[in-house]
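First the structure, in the form of C-alpha cells, and then the observations on it.
The values are calculated or read from the model by the stated rules, or taken from the named source; none is laboratory data. Computed from a prediction, not measured in an experiment: that's the story for all the values here. Glycine gets a Cβ as well: all are built from the backbone with ideal geometry, and neighbour counts include every protein chain shown. Just the protein is used for accessible areas: all its heavy atoms, side chains included, with ligands, DNA and RNA removed. Shrake-Rupley method; radii C 1.70, N 1.55, O 1.52, S 1.80 Å.
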Amino acid sequence: MNIDKEEFQRQYLDKVAKLHGKPLEETSDGERYQALSSLIRDYIGQRWLLSRRRQRQGKQVYYLSIEFLLGRLTDMYLINLGLRDTVAAAFFDLGVDLAAILESEEDPGLGNGGLGRLAACYLDSMAAESLPGHGCGLRYRYGFFEQDFVNGRQIEVPDDWLKTGFIYEFRRSDEAVEIRFGGTVTPELNGKLRYRHENYESVLAVPYDVPVVGHLNDTVNTLRLWSAEPHRTDFVCSATNRNDCLKTIEYKNDVEAITSVLYPDDSTRDGRVLRLKQHYFLTSASLQAILADLARRDIPLTRLSDHVAVHINDTHPALAVPELMRLLIDEHGMGWDEAWSLTVATISYTNHTIMPEALETWPVDLFQALLPRIFVIVNEINERFCRELWQRYPGDWDHIRAMAVIADGTIRMAHLAIAGSHSVNGVAQLHTRILKERVMSDFHQFYPDKFNNKTNGVTHRRFLIKANPQLAALLGETVGEQWVQYPCDLLGLLPHAADPAFQDKLAAIRRWHKSKLAAQILDATGVRIDPDSIFDTHVKRIHGYKRQTLNAFHIMHLYNRLKADPGMDLTPRTFIFGGKAAPAYRLAKLTIRFINALADKINRDKTINDKIKVVFLENYNVSLLEKLLPATDVSEQIPTASREACGTGNMKFIMNGSVIIGTLDGGNIEIRNAVGEDNIITFGLTADEVLNIYERGGYNPWDIYCGDERVKTVLDQLVNGFLPGGPDEYRPIFDSFLHHGDHFLVLKDFAAYVDAQKELERRYRDRRHWLSMSVRNIAHSGKFSGDRTFTEYAVDIWRLRPEAPVRCYCSADEDFARAEGGCTLSRRPALQATLSNATYN
Ligand SMILES: *Cc1c(COP(=O)(O)O)cnc(C)c1O
C-alpha cells in the first residue's frame, strides 16, 4: 500500500478522535490499538472487494480445518500491506510505543498445536502466492484454554478472546445457512429414491469472515469462521408459559454449545456428540456456502471439480464426503454415480498422524442418531466400497473388513476420507512412507496413485520477518531483498557462513534478543537467567511422544554431575520449556508439575554457581513462540522416531538460526538433508527400529534401569523425596517408565541423548564453528517456507493455475536436494520448466 508517514499520521489521529473523542495523549494502549486496527480494517475492506471481483473466474480452494491457530494479526497485516516501516516511523514521531500497542492485541488461539498453525500458515502462503485459497473453520467463543501455573500445576482458564470484540471479523448474517441434527429420515419413492428428513433440530450457521492479506500483492482471501446460533423462533418465552420458556433457553444453550469451545471433553457421551456436531456443522455450513457461491458465479454443478477444490485438514472435516453427496443428490437431484465422481474429484485429504489412538472413529449408534441421513449415505459408500474390494480380493473377508469404512460398530473416518477423495497426502517423506508401507498399506495397494507427500512448511513472514525483524534486515542486506519473495535466495548466505564479520552481526542480534527475553522472564517468573548462557528451548504441546521427560532427565543428570563436582567445566545453560497439556491427559499434566518442581529445585540451589537454570513459561502460544525464536541457540526436537509426522516448530527455529538437537523423525530428517549432517545434532533410534520394537517387542526398560547407573539415579529421584512435592507425587511418571513399558522409549534413547548433548556443548564452545552452523541453518531454511509447500499443493493436488506463475523453490525431493547440495537458487529455469509442464493443463 502506498501511503506516506504524514498521511498515515493524519488518518490515525483522525481515527483516534472519531473513535475515542479525546486527544492521543489521553488514550491508553488499548485505545490506541483499537484506532490502529480499525484503520487497518478500513484499508483492507477496499482491497478485499477488488480481490473478490478479480477472483470470481478462477478455481477456488477451500481448506477445511477444525483449528486455525492464527496468532496476533495486526503486525502481520502491516507487514503484508507493506506498511510496517511507515507506521513504525509515524508512531515514533508521535512518541507512541508501537510494540506496546501491538502487545495489547488478543492472540486468537482457535487451535491447539501444529495442525492448526499449519492451517494458518497455509492461509498466509496462499495469499502471498496470489492463489484463491480460503479457510473454513469455527468461530469458537472460547479459544484453546489459557494456562496458568499454581504451585507448579497447570490450571486451565477459559480464553475469553472475544471479550473486547474482534475487529478483523465481518459478520455476514445474510449468508447464514441452516444445519439439521437428529430427527428421522424416511425413504420416498417417487420416480427417484428420495429421503424425507423430519423432526430434526435446526441450527443457524452464521459466517464471520476474516480477511487474509497477501504479501505486497493485491490478493485478499477469506477465512470464514462459522458461529452457531438459535434458529427457530416458534418457542415463545412468556411469563404465562414457563415450559416453553425453559425449552427456549435449553435450545439456545444447546445451539451455542456447538461453537463454544475447541475439543469439548470427550470422556462423556454428551461430549462426544458435541464434537461430532461441530464436525458436521463445519462441513455442512462450508459446503452449502461453496455451492451457493458456485451458483452465484453461474457455474453448473457438473463442473464443480473444475472450479472448486475442497481440502480436509485431517479427518475432523471428513464428513465433507457424505455431506457433499447429500447436497448433490438430495438438494440438487443428481444421481449417485455422478455425485460420487464429482465428490472424489473435488475433495483431497491430509493425514497428520499415524498414532492409532489419534485415528478418529465414531460409534454407529451415536452417529446414526445425530446424523441419520448422513449415516444412510456413509452406509451406502461403505457397501459400494466393499463390493469393489470384493472384486479385487474375492473371498478375502479379513482384508475387506480391515479396509471397510464401517466395521465392528464403528465408522472409521480415515477410511472414509481416503475412499472419498482423490488425493491423500502425508506431511513429511518419512511419514508418507510409513503411511504407504505400514499404516495404510492396504489402501496404498488399492489406490497407489492417491498417495503423495507434501512436506510441511511455515510462513517465514510471521516466524522470521515479524518475529525477528533485525535478522530479516541483515538477510536483506546480505543476499538482497528478493529473498522475501524467493526464500531459497537465502542460500546466498552460504559464502558468508564462515565470515567473522557476518557471524558477529548475527551473534549481536541474537544476544540482543536473549537479553530482552531474559528481562521478560525475570519479570514473568522472578528467575534470573544469564543472557550469555546457552538458551536451549523445548516448546510444543506436552505429550509422551514429544518426550519432554527425556530432556528433563538429562537436566537431572547434569545437575547430579554438578552436585558431585561443583567445579565441573560446563558451559552455562538455560533450559526453557513451554507447552500446554490436554486437560484430560493426566500424565502430561504431571510432567508439567514435575518439570516445575525440578526447575524450582535447581534454580534455588546456590551450590551449582548458576551453571544451569530451568524455566517453564506459562501459556505457550504463537505470541510467546515469536519471542523465543530469535533468542534460542538450541532447539529441542526429540520425539520418539516415527511418532512426529513432521513437526513445524523445527522449521521455525532453523529460520532464526537455532541449531536443532533432534531425533531422525519427520521434518528433522529433511532438515538434516538440507542443512547437512554437520549442522544439526541427531541421535537415537531410527523410525524403523522403533516400529520394529512396537511390532515385535524385545525392549525391557528394566534392563536399562539396572544397567545404566545414571538412569537408575534419575528415576529413583522421582520417588525418593529428591523433588519438592513429596515422594508419591511423581510415582505415576516412574511407573510409566518401569511398570508400563516406557512406551515412548525414553530410557532407550537416554544414553544417546546424553552423548549428543555433550557433542552439542563441544561444538558450542567453538564460537566461530557454532555461528557457521547457525548461518547454514538459516541459509537452507528457504525450502521450509510454506510458500513452497502450498505451491506444491496447488499444482499437484488442487490443479490450480496460479495468477502469477509458480515461483521456483528448492525441490522437496530428497535426492534432488542432496545432489544440488541442499537446494539450488530459486528461479532456476530448468526447474521452473518442469514445474510448469507438470502443472498447467
Ligand atoms: C508451530 C507451533 C506448534 C507446533 O510445534 P511442533 O514443535 O511442531 O509440535 C505448536 N504450537 C504453536 C503455538 C506453534 O506456533
Expected output for the range 78-100 (first residue closer than 15 Å to Asn217 by Cα, partner open to solvent by 40 Å² or more (accessible area, probe 1.4 Å) and part of a helix (DSSP H, G or I), Cβ below 6 Å, 6+ apart or cross-chain) is Leu78/Arg84
Subset of the range 505-528 [out of contact with any Pro (no Cβ under 8 Å at 6 or more places or on another chain) and among the basic types (Lys, Arg)]: Lys505, Lys516, Arg528
In the range 42-155, which strands (runs of 3 or more DSSP E) lie fully inside it and hold 2 or more residues that are out of contact with any Pro (no Cβ under 6 Å at 6 or more places or on another chain) and within 16 Å of the ligand (Cβ to nearest atom)? 143-150
Hits in the range 531-548 - residues which are open to solvent by 10 Å² or more (accessible area, probe 1.4 Å), touching a residue at least 24 places away in the same chain (Cβ under 8 Å) and away from the ligand (no atom under 16 Å from the Cβ): Asp532
Within the range 360-369, work out how many residues are open to solvent by 40 Å² or more (accessible area, probe 1.4 Å) and among the β-branched types (Val, Ile, Thr). 1
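Would you confirm, using the coordinates I've provided, whether Leu628 is in contact with a Leu (Cβ under 9 Å, 6 or more places away or on another chain), within 16 Å of the ligand (Cβ to nearest atom) and open to solvent by less than 10 Å² (accessible area, probe 1.4 Å)? Full working, then the answer.
Working: in contact with a Leu (Cβ under 9 Å, 6 or more places away or on another chain): yes; within 16 Å of the ligand (Cβ to nearest atom): yes; open to solvent by less than 10 Å² (accessible area, probe 1.4 Å): yes.
In short, yes.
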Mind checking which residues of the range 341-359 are within 30 Å of Asp306 (Cβ to Cβ) and open to solvent by less than 60 Å² (accessible area, probe 1.4 Å)? Leu342, Thr343, Val344, Ala345, Thr346, Ile347, Ser348, Tyr349, Thr350, Asn351, His352
Go through the range 559-572 and count every residue that is free of Cβ contacts under 8 Å to residues at least 60 places away in the same chain and either surrounded by 19 or more Cβ atoms within 10 Å (Cβ to Cβ) or of a type in the set (Val, Ile, Thr) (or both). 2
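Going through Thr607, Thr640 one at a time, which residue ends up being within 14 Å of the ligand (Cβ to nearest atom) and either among the small types (Gly, Ala, Ser) or assigned by TED's automatic domain parsing to the domain that holds Phe734 (or both)? Quick ask: steps written out before the conclusion?
Numbers: Thr607 fails: within 14 Å of the ligand (Cβ to nearest atom).
None of the others qualify; the one that does is Thr640.
Residue check: is Asp209 away from the ligand (no atom under 16 Å from the Cβ) and under 19 Å from Thr283 (Cβ atoms)? Reasoning before the result, please.
Values: away from the ligand (no atom under 16 Å from the Cβ): yes; under 19 Å from Thr283 (Cβ atoms): yes.
Spelling it out, Asp209 is indeed away from the ligand (no atom under 16 Å from the Cβ) and under 19 Å from Thr283 (Cβ atoms).
Just give me the residues in the range 288-326 being part of a loop (DSSP other than H, G, I, E, B) and of a type in the set (Lys, Arg), in sequence order.
Of the residues in the range 288-326, the ones part of a loop (DSSP other than H, G, I, E, B) are 297-300, 314-319.
Passing the criteria: only Arg297.
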Can you find, within the range 239-269, the residue that is farthest from the chain's Cα centre (by Cα) among those that are under 17 Å from Gly182 (Cβ atoms) and open to solvent by less than 50 Å² (accessible area, probe 1.4 Å)? Tyr251
Inside the range 660-679, can you point out the residues that are buried (at least 24 other Cβ atoms within 10 Å of the Cβ) and more than 15 Å from the ligand (Cβ to nearest atom)? Ala674
What tally of residues in the range 287-297 results from selecting those that are touching a helix residue (DSSP H, G or I) at 6+ places or on another chain (Cβ under 9 Å) and either within 19 Å of Val378 (Cα to Cα) or of a type in the set (Lys, Arg) (or both)? 3
Do you know which of the residues in the range 680-696 that are away from the ligand (no atom under 16 Å from the Cβ) and open to solvent by less than 20 Å² (accessible area, probe 1.4 Å) is nearest to Gly544 (Cα to Cα)? Val690
The residue from Tyr705, Tyr699, Tyr620 that alone is within 16 Å of the ligand (Cβ to nearest atom) and open to solvent by 10 Å² or more (accessible area, probe 1.4 Å) is Tyr620
Here's a check for you: in the range 171-186, which residue that is part of a strand (DSSP E or B) and not aromatic (Phe, Trp, Tyr) is surrounded by the fewest Cβ atoms within 10 Å (Cβ to Cβ)? Thr186
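Report yes if some residue within the range 365-383 is assigned to a helix (DSSP H, G or I) and more than 24 Å from Pro317 (Cβ to Cβ); otherwise report no.
Quick first cut of the range 365-383, residues assigned to a helix (DSSP H, G or I) only: 365-370, 372-383.
Pick out the ones that are also more than 24 Å from Pro317 (Cβ to Cβ) and you get none.
No; the residues of the range 365-383 include none that is assigned to a helix (DSSP H, G or I) and more than 24 Å from Pro317 (Cβ to Cβ).
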Report whether or not Val527 is within 20 Å of Asn468 (Cβ to Cβ) and among the β-branched types (Val, Ile, Thr). no
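With respect to Trp226, is the statement that it is in a loop (DSSP other than H, G, I, E, B) and of a type outside the set (S, T, N, Q) true?
no
Identify, from the list Tyr168, Tyr142, the residue that is modelled with pLDDT of 95 or more, out of contact with any Lys or Arg (no Cβ under 7 Å at 6 or more places or on another chain), within 25 Å of Val213 (Cα to Cα) and surrounded by 14 or more Cβ atoms within 10 Å (Cβ to Cβ).
Values: Tyr168 fails: out of contact with any Lys or Arg (no Cβ under 7 Å at 6 or more places or on another chain).
Sole residue among the options that is modelled with pLDDT of 95 or more, out of contact with any Lys or Arg (no Cβ under 7 Å at 6 or more places or on another chain), within 25 Å of Val213 (Cα to Cα) and surrounded by 14 or more Cβ atoms within 10 Å (Cβ to Cβ): Tyr142.
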For the range 512-535, which residues satisfy the criterion of being among the acidic types (Asp, Glu) and either modelled with pLDDT under 95 or in a helix (DSSP H, G or I) (or both)? Asp523
Could you please tell me which pairs satisfy a Cβ distance under 9 Å, a separation of 6+ or placement on different chains, a first residue in the range 138-153 that is under 19 Å from Leu598 (Cβ atoms), and a second residue that is open to solvent by less than 30 Å² (accessible area, probe 1.4 Å) and part of a loop (DSSP other than H, G, I, E, B)? Gln147/Gly579; Gln147/Lys580; Gln147/Ala581
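Test Arg528 against the stated conditions and say whether it is surrounded by fewer than 22 Cβ atoms within 10 Å (Cβ to Cβ) and within 18 Å of Phe653 (Cα to Cα).
Numbers: surrounded by fewer than 22 Cβ atoms within 10 Å (Cβ to Cβ): yes; within 18 Å of Phe653 (Cα to Cα): no.
When the stated conditions are applied, Arg528 does not pass them.
Where in the range 613-692 are there strands (runs of 3 or more DSSP E), lying fully within it, with 3 or more residues that are of a type in the set (Val, Ile, Thr) and modelled with pLDDT of 95 or more? Lay out the reasoning, then the answer.
Details: elements: 634-637, 659-663, 681-683.
Where strands (runs of 3 or more DSSP E) fall fully within the range 613-692 and carry at least 3 residues being of a type in the set (Val, Ile, Thr) and modelled with pLDDT of 95 or more, they are 659-663.
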Can you spot a residue in the range 156-166 that is touching a residue at least 60 places away in the same chain (Cβ under 8 Å), under 29 Å from Arg275 (Cα atoms) and within 16 Å of the ligand (Cβ to nearest atom)? no
Which numbered condition Ile576 fails, given (1) within 16 Å of the ligand (Cβ to nearest atom); (2) without any contact (Cβ under 8 Å) to a residue 60 or more places away in the chain; (3) in a helix (DSSP H, G or I): (3)
Val634: β-branched (Val, Ile, Thr) and more than 16 Å from the ligand (Cβ to nearest atom), yes or no? no
